[in-house]
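Asker: Here's a structure for you.
The values are calculated or read from the model by the stated rules, or taken from the named source; none is laboratory data. Bear in mind that the values here come from a model prediction, so they are computed numbers and not experimental data. When we count neighbours, we look across all protein chains shown, and the Cβ atoms used for this are built from the backbone with ideal geometry, even at glycine. The protein model used for the area step is the full one, side chains on, heavy atoms only, and it has no ligands, DNA or RNA in it. Shrake-Rupley method; radii C 1.70, N 1.55, O 1.52, S 1.80 Å.
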Amino acid sequence: MPDVLEEFKKYLEFLPSLGFKEVYLSFQAKEVFAKMRSKKELLEEIRQKLGDCKRCKLYQTRHHIVFGEGNPEAKLVLVGEAPGREEDLQGRPFVGAAGQLLTKMLKAIGLSREEVYICNVIKCRPPGNRNPQPDEIEACLPFLLEQLKVINPKVICTLGSISTRTLLNTNTPISRLRGQVHQWHSIKLVPTFHPAYLLRNPAQKRLAWEDLQLIKKVIEE
Ligand code: URA
């Protein structure tokens, strides 16, 4: 639902508390309101459209589609690469070792997993956790783009090079893209290292913590 309509709906809902008992709307306005969906409903519609997806070969080896989860009204959306083994088994994003670090990273800026929305560029696990292939990204990306447009957060944080390069449409290395605020359509985008990379390279955590502070600043702006 466009933000302006959402604001208008909130205003209409507020009117009874001011003593208004009836509001007259034109037929056109009634039609618009009848078609209005909450962000939660719109995300459910995207999930339904995805269905029992067989758009790429990964359906042959997956256990579960990992659509994404969290607050549809989130100010921050985190975008990873692809589900790993644990995520594939549970059907939830970032629930393995990298996910535990991600939860700690969020806590460091005062956010819980429930407050944000977490998803991936591709929704099925590549066998052996190999990198997603271009045809797999191409098949899955439209669903991520729809999720991002519906949630319309204040900030998108891309985790690692695959999600960063995919959304920013560049081949520049993540080490040169992180630490700055980029733009994805009208939404600010801050890349940082993937938590799985940070588990292997703990010395880089300091830079990731700087990125998190930047994200916090942009959310609070
Ligand atoms: N790595 C990712 O990129 N996404 C997950 O959901 C889990 C691990």
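Asker: In the range 47-59, which residues are out of contact with any Phe, Trp or Tyr (no Cβ under 8 Å at 6 or more places or on another chain) and open to solvent by less than 70 Å² (accessible area, probe 1.4 Å)?
Answerer: 51, 56, 58
Asker: Looking at the structure I just gave you, is residue 75 open to solvent by 40 Å² or more (accessible area, probe 1.4 Å), among the charged types (D, E, K, R) and without any contact (Cβ under 8 Å) to a residue 40 or more places away in the chain? Give the steps one after another, and end with the answer.
Answerer: Values: open to solvent by 40 Å² or more (accessible area, probe 1.4 Å): yes; among the charged types (D, E, K, R): yes; without any contact (Cβ under 8 Å) to a residue 40 or more places away in the chain: no.
Answer is no for this residue.
Asker: Sticking with this structure for a sec: Please go through the range 2-34 and give me each residue that is among the charged types (D, E, K, R) and either open to solvent by 90 Å² or more (accessible area, probe 1.4 Å) or over 35 Å from the mean Cα position of the chain (by Cα) (or both), ordered by number.
Answerer: Pass one, the range 2-34, residues among the charged types (D, E, K, R): 3, 6-7, 9-10, 13, 21-22, 30-31.
Once the filter is applied, which keeps residues that are among the charged types (D, E, K, R) and either open to solvent by 90 Å² or more (accessible area, probe 1.4 Å) or over 35 Å from the mean Cα position of the chain (by Cα) (or both), the range 2-34 yields 7, 10, 13, 21, 22, 30, 31.
Asker: While we're here: Can you go through 118, 137, 122 and tell me which one is farther than 21 Å from residue 219 by Cβ and in contact with a Pro (Cβ under 8 Å, 6 or more places away or on another chain)?
Answerer: Numbers: 118 fails: farther than 21 Å from residue 219 by Cβ; 137 fails: in contact with a Pro (Cβ under 8 Å, 6 or more places away or on another chain).
From the options 118, 137, 122, the qualifying one is 122.
Asker: What's the number of the only condition in (1) within 12 Å of the ligand (Cβ to nearest atom); (2) more than 27 Å from residue 176 (Cβ to Cβ) that residue 158 fails to meet?
Answerer: Every listed condition holds for residue 158 apart from (2).
Asker: Restrict the check to the range 60-71 and report whether at least one residue is in a loop (DSSP other than H, G, I, E, B), charged (D, E, K, R) and modelled with pLDDT under 95. I'd like the intermediate steps shown before the answer.
Answerer: Start the filter on the range 60-71 by keeping residues that are in a loop (DSSP other than H, G, I, E, B), which leaves 61-68, 71.
Subset that is charged (D, E, K, R): 62.
From what is left, the residues that are modelled with pLDDT under 95 are none.
Scanning the range 60-71 turns up no residue that is in a loop (DSSP other than H, G, I, E, B), charged (D, E, K, R) and modelled with pLDDT under 95.
Asker: I'm trying to understand the selection: among the residues of the range 87-132, which are open to solvent by 10 Å² or more (accessible area, probe 1.4 Å), closer than 17 Å to residue 205 by Cβ and either among the aromatic types (Phe, Trp, Tyr) or touching a residue at least 60 places away in the same chain (Cβ under 8 Å) (or both)?
Answerer: 94, 97, 98, 101, 108, 109
Asker: Being assigned to a helix (DSSP H, G or I), near the ligand (Cβ under 10 Å from one of its atoms) and under 17 Å from the mean Cα position of the chain (by Cα) is the filter here, so list the residues in the range 80-111 that pass it.
Answerer: 87, 98, 99, 102, listed by residue number.
Asker: What number of residues within the range 112-122 are away from the ligand (no atom under 13 Å from the Cβ) and within 20 Å of residue 191 (Cβ to Cβ)?
Answerer: Taking the range 112-122 and keeping what is away from the ligand (no atom under 13 Å from the Cβ), we get 112, 114-116.
Remaining after also requiring within 20 Å of residue 191 (Cβ to Cβ): 116.
Adding up the residues that qualify gives 1.
Asker: Given the structure, is residue 44 surrounded by 14 or more Cβ atoms within 10 Å (Cβ to Cβ), more than 10 Å from the ligand (Cβ to nearest atom), among the acidic types (Asp, Glu) and without any contact (Cβ under 8 Å) to a residue 12 or more places away in the chain? Write out each step before concluding.
Answerer: Details: surrounded by 14 or more Cβ atoms within 10 Å (Cβ to Cβ): yes; more than 10 Å from the ligand (Cβ to nearest atom): yes; among the acidic types (Asp, Glu): yes; without any contact (Cβ under 8 Å) to a residue 12 or more places away in the chain: yes.
When the stated conditions are applied, residue 44 passes them.
Asker: Any residue at all in the range 210-217 that's without any contact (Cβ under 8 Å) to a residue 12 or more places away in the chain and either farther than 24 Å from residue 115 by Cα or surrounded by fewer than 13 Cβ atoms within 10 Å (Cβ to Cβ) (or both)?
Answerer: Of the residues in the range 210-217, the ones without any contact (Cβ under 8 Å) to a residue 12 or more places away in the chain are 217.
If we keep only those that are either farther than 24 Å from residue 115 by Cα or surrounded by fewer than 13 Cβ atoms within 10 Å (Cβ to Cβ) (or both) too, we end up with none.
No, the range 210-217 contains no residue that is without any contact (Cβ under 8 Å) to a residue 12 or more places away in the chain and either farther than 24 Å from residue 115 by Cα or surrounded by fewer than 13 Cβ atoms within 10 Å (Cβ to Cβ) (or both).
Asker: Shifting gears a bit: Which condition number does residue 84 fail, the rest of (1) open to solvent by 80 Å² or more (accessible area, probe 1.4 Å); (2) in contact (Cβ under 8 Å) with a residue 24 or more places away in the chain being met?
Answerer: Only one criterion in (1) open to solvent by 80 Å² or more (accessible area, probe 1.4 Å); (2) in contact (Cβ under 8 Å) with a residue 24 or more places away in the chain is unmet by residue 84, namely (1).
Asker: Let me ask you something else. Would you check which residues across the range 171-194 are surrounded by fewer than 19 Cβ atoms within 10 Å (Cβ to Cβ) and within 19 Å of residue 136 (Cβ to Cβ) and list them?
Answerer: Start the filter on the range 171-194 by keeping residues that are surrounded by fewer than 19 Cβ atoms within 10 Å (Cβ to Cβ), which leaves 171-173, 175-176, 179-188.
Within the range 171-194, 171 is the sole residue that qualifies.
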